[in-house]
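Colleague: Here you go, one structure.
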Ligand code: FES
């Protein structure tokens, strides 16, 4: 499969970002039914799913080149967005092996990996990279192995060490995050990291999720979708960067609400890594504006119903109250009350 | 890596290490690289004997870097008629065996200051997979292998490549002469203990360590996990009026799916709650993390992805 990349897209200042029809239809719309509540919505990460975004181990789309450039910009301003504690070195190599082997197998037109014993050669055609190095020897790469490969991947990644029946966030590459900070969270346990999510703790969601993840097996990754709302197609909505993106929220008007307000979806994947027994957590971010989503009849009906009926505490946690009514007013005329099919697929072959 | 089902392996080579020990080298049947198997990992082999199919787990002794073959060492116990006897007597080079992808329930700690390894008999196998990595990393470790007198020679040969300059000792006098408490009590802070061997040895090591104040998170016993299966039973889907046999190595969910009926499920690991079905009759052995203790005691629902029947029959409202 050959992708047409859009290398000139931006995720800041002028926000030169758009979705092709095919890119919109592959969007992992996060609501399988017309109402939303927290649950342990984890399922096996098998190849294939309701949209094309689930077809590969790591999903690459038309925004790949531009997202890698955005990551490099963030790291140039703030190198602490990538940190790995020293005992995670084995997990770094595990990550590099997993991502390189997966991309080379899933996108042979764009990536290749050849090995002669420990001497590996990696070719990344979209980014124009060819690199020979010795597996296991970090000094043969321009960055540490984890940073090296995640600079060439879409989405954020964290590394969890498993010890004392808990998971510790002991590393990460975090530049495209919904409002959380690696610098603040590094070294935390699973529960500390998930902090004060309303209602979820009471429902025991995190206790069950932790037990499940402690048993996660190599070769049997799992996935789930998470969502929030972001103003403008901005990838970096970190706490560090709040002065830059915070004011965006005051710019929404009833005229621009369709273009400004974006549904931000994280396709989260979790992989047990072989050598280190650590867990790699992939947080792949997708953005679609309300106007884009309104082009898909099922999605616009459902988005309207979910946001209209959303529990007030979840609304507040997701930062919705300020512009929720504008979004509802925008979507209400599109919602004819017709029933929607279960599941997240768009029910369209083309737009 | 996403495992796409069992891995067919060809028996490449069988090497006799001693009258009772054989080392098997298994390569990918269709060529290419095998999934990376970390130190401490095991594979579950499906062994098709003349009169029954056996599933046996074996620790891998090959290092993680070795992607072209998996190696296991198998002990044949006199009188045994199980999978290990079958491997010793019924398997020849060139034969094909199926393996599940490697699973690691006995990994090395990434933050230990020192690793204390204790093996009993054939329990040496996962420790053998640790040694190349510990040596390559220059990690501090100490290994004690408990052995019967006749096995001392073979264990010496297996450990010889790692022995120079290392604290590796073979105790040929068996358990009786082995000073477990003495060894545990002289370890520096930050040491992790790994023990593999007969169950009494592992239990003794764990309780001695606990008595000496070792934190439980620093004591690792080899494990192949709880068997996913259990005793076979009959499931009756009352609404459909059908009866299903749930086999020893199958989950209830898999058995329902095998009949072509789509049953609700999501995580397939006892966490999400999606697969819950009401129970009309029969006793459930609950293995999930979803139902509350009261719900479990009430015996009115079963999570089909992990739980089984304790009784011979389970009648489900489905
Ligand atoms: S499928 Fe999730 S609990 Fe059974």
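Colleague: Return the calculated 222 nm mean residue ellipticity for chain B, to the nearest 500 deg cm²/dmol, obtained by summing -39500 (n - 2.57) across DSSP H runs with n ≥ 4 and dividing by the residue count.
Modeller: Numbers: 7 runs with 62 residues, N = 318.
So the helix-based figure for chain B works out to -5500 deg cm²/dmol.
Colleague: Can you give the relative contact order of segment A:1-149 as a percent, counting alpha carbon pairs under 8 Å and 6+ residues apart?
Modeller: Details: 147 pairs, mean separation 29.1, N = 149.
In percent, rounded to a whole number, it is 20.
Colleague: Using Cα pairs closer than 8 Å and at least 6 residues apart in sequence, work out the relative contact order for chain A, in percent.
Modeller: Once divided by the residue count of chain A, the mean separation gives 22 percent.
Colleague: Does segment A:1-113 come out rounded, prolate or oblate, given a ≥ b ≥ c as the square roots of the eigenvalues of its C-alpha gyration tensor, rounded meaning a/c under 1.5 and, failing that, prolate meaning a/b above b/c?
Modeller: Values: a/c = 1.30, a/b = 1.13, b/c = 1.15.
In terms of gyration-tensor shape, rounded.
Colleague: Which FRET efficiency, nearest 0.05, do residue B:317 and residue A:249 yield, Cβ-Cβ r, R0 41 Å? Display every interim value, and only then the final one.
Modeller: Values: r = 49 Å, r/R0 = 1.20.
Efficiency, from the Cβ-Cβ distance: 0.25.
Colleague: Label 7 Å along Cα→Cβ of residue A:256; segment A:318-345 residues with amide nitrogen under 19 Å?
Modeller: Answer for this model: A:320-331.
Colleague: If the chain between residue A:115 and residue A:80 were fully stretched, how many nm would it gain, using 0.36 nm times the residue separation less the Cα-Cα distance? Display every interim value, and only then the final one.
Modeller: On the way: separation 35, 0.36 × 35 = 12.60 nm, distance 3.18 nm.
Additional length available on full extension: 9.4 nm.
Colleague: What three numbers, in Å, describe the spread of the alpha carbons of chain B along their principal axes, ordered from the longest?
Modeller: Cα spread of chain B along its principal axes, largest to smallest: 69, 50, 39 Å.
Colleague: Using Cα atoms only, what is the angle between the long axis of helix A:205-214 and the major principal axis of chain A, expressed in degrees (0 to 90) to the nearest 10?
Modeller: Here the helix axis deviates by roughly 20 degrees.
Colleague: Further question: What fraction of the DSSP beta bridges in segment B:233-316 is antiparallel, stated in percent and rounded to the nearest 5?
Modeller: Numbers: 12 of 16 bridges.
Within segment B:233-316, antiparallel bridges account for around 75 percent of the total.
Colleague: Let me ask you something else. What's the extension gain from residue B:175 to residue B:163 if we count 0.36 nm per residue and subtract their Cα-Cα distance? Walk me through the numbers before you get to the answer.
Modeller: Values: separation 12, 0.36 × 12 = 4.32 nm, distance 2.19 nm.
Here the answer is 2.1 nm.
Colleague: Note the angle between two axes, namely the Cα long axis of helix B:124-137 and the longest principal axis of the Cα atoms of chain B, as a number of degrees from 0 to 90, rounded to the nearest 10.
Modeller: In chain B, helix B:124-137 runs at an angle near 60 degrees to the longest axis.
Colleague: Another question, then. Answer rounded, prolate or oblate for segment B:114-222, using the Cα gyration tensor with square roots of eigenvalues a ≥ b ≥ c: rounded when a/c is under 1.5, else prolate when a/b is larger than b/c, else oblate.
Modeller: Oblate is the answer for segment B:114-222, as a/c is 1.5 or above yet b/c matches or exceeds a/b.
Colleague: So, one more: Return the single residue from B:268, B:67, B:240 with maximal mean-square fluctuation; model: Gaussian network over chain B, springs between Cα atoms under 10 Å.
Modeller: In the Gaussian network model the winner is B:240.
Colleague: Still on this model: Pairs of Cα atoms under 8 Å, at least six residues apart: use those to get the relative contact order of chain B, whole percent.
Modeller: Values: 627 pairs, mean separation 40.5, N = 318.
With pairs under 8 Å counted, the relative contact order is 13 percent.
Colleague: Suppose the chain between residue B:262 and residue B:4 were pulled fully straight at 0.36 nm per residue; how much longer would it get relative to their current alpha carbon spacing? Numbers along the way, then the final one.
Modeller: Numbers: separation 258, 0.36 × 258 = 92.88 nm, distance 2.06 nm.
Full extension of this stretch gives 90.8 nm more.
Colleague: Sticking with this one: With the cut-off at 1.5 for a/c, could you classify segment B:58-175 from its C-alpha gyration tensor as rounded, prolate or oblate? Walk me through the numbers before you get to the answer.
Modeller: Values: a/c = 2.09, a/b = 1.29, b/c = 1.62.
It is oblate, given that a/c is not under 1.5 and a/b is not larger than b/c.
Colleague: Once you've got the GNM for chain B with C-alpha springs shorter than 10 Å, pick whichever of B:48, B:175, B:137 has the biggest mean-square fluctuation.
Modeller: For chain B, modelled as a Gaussian network with Cα springs under 10 Å, the answer is B:137.
Colleague: Would you tell me the mean number of C-beta atoms belonging to other protein chains that fall within 10 Å of each C-beta in B:101-111, as a whole number? All intermediate terms of the calculation are to be shown ahead of the outcome.
Modeller: Details: counts 5, 4, 5, 8, 3, 1, 10, 4, 5, 15, 8.
That average works out to 6.
Colleague: Quick check on the exposure proxy: order B:58, A:242, A:38 from fewest to most C-beta atoms within 10 angstrom.
Modeller: Details: B:58 24, A:242 11, A:38 17.
Placing the least packed residue first, the sequence is A:242, A:38, B:58.
Colleague: May I pose another question? Round to the nearest 10 and give me the degree value, 0 to 90, for the angle of helix A:321-331's Cα axis relative to the longest principal axis of chain A.
Modeller: That works out to roughly 70 degrees.
Colleague: A further question follows. Just the ratio, please: alpha-carbon radius of gyration of segment A:230-351 over 2.2 N^0.38 Å, N its number of residues.
Modeller: Values: Rg = 16.8 Å, N = 122, 2.2 N^0.38 = 13.7 Å.
It is 1.23.
Colleague: For chain B, modelled as a GNM with alpha-carbon contacts under 10 angstrom, which of B:11, B:279, B:154 fluctuates the most?
Modeller: Sorting by GNM fluctuation, first place goes to B:279.
Colleague: Okay, next question. Expressed as a fraction of 2.2 N^0.38 Å, the rule-of-thumb size for a compact globular protein of N residues, what is the C-alpha radius of gyration of chain A? Spell out each step's value before the answer.
Modeller: Values: Rg = 20.0 Å, N = 351, 2.2 N^0.38 = 20.4 Å.
Against the empirical 2.2 N^0.38 Å value, I get 0.98 for chain A.
No lab work stands behind these numbers, since they all come straight from the coordinates. Predicted, not measured: the structure shown is a model, and the values here were computed from it. Ideal geometry is used to build each Cβ from the backbone, glycine not excepted, and the neighbour counts take in all protein chains shown.
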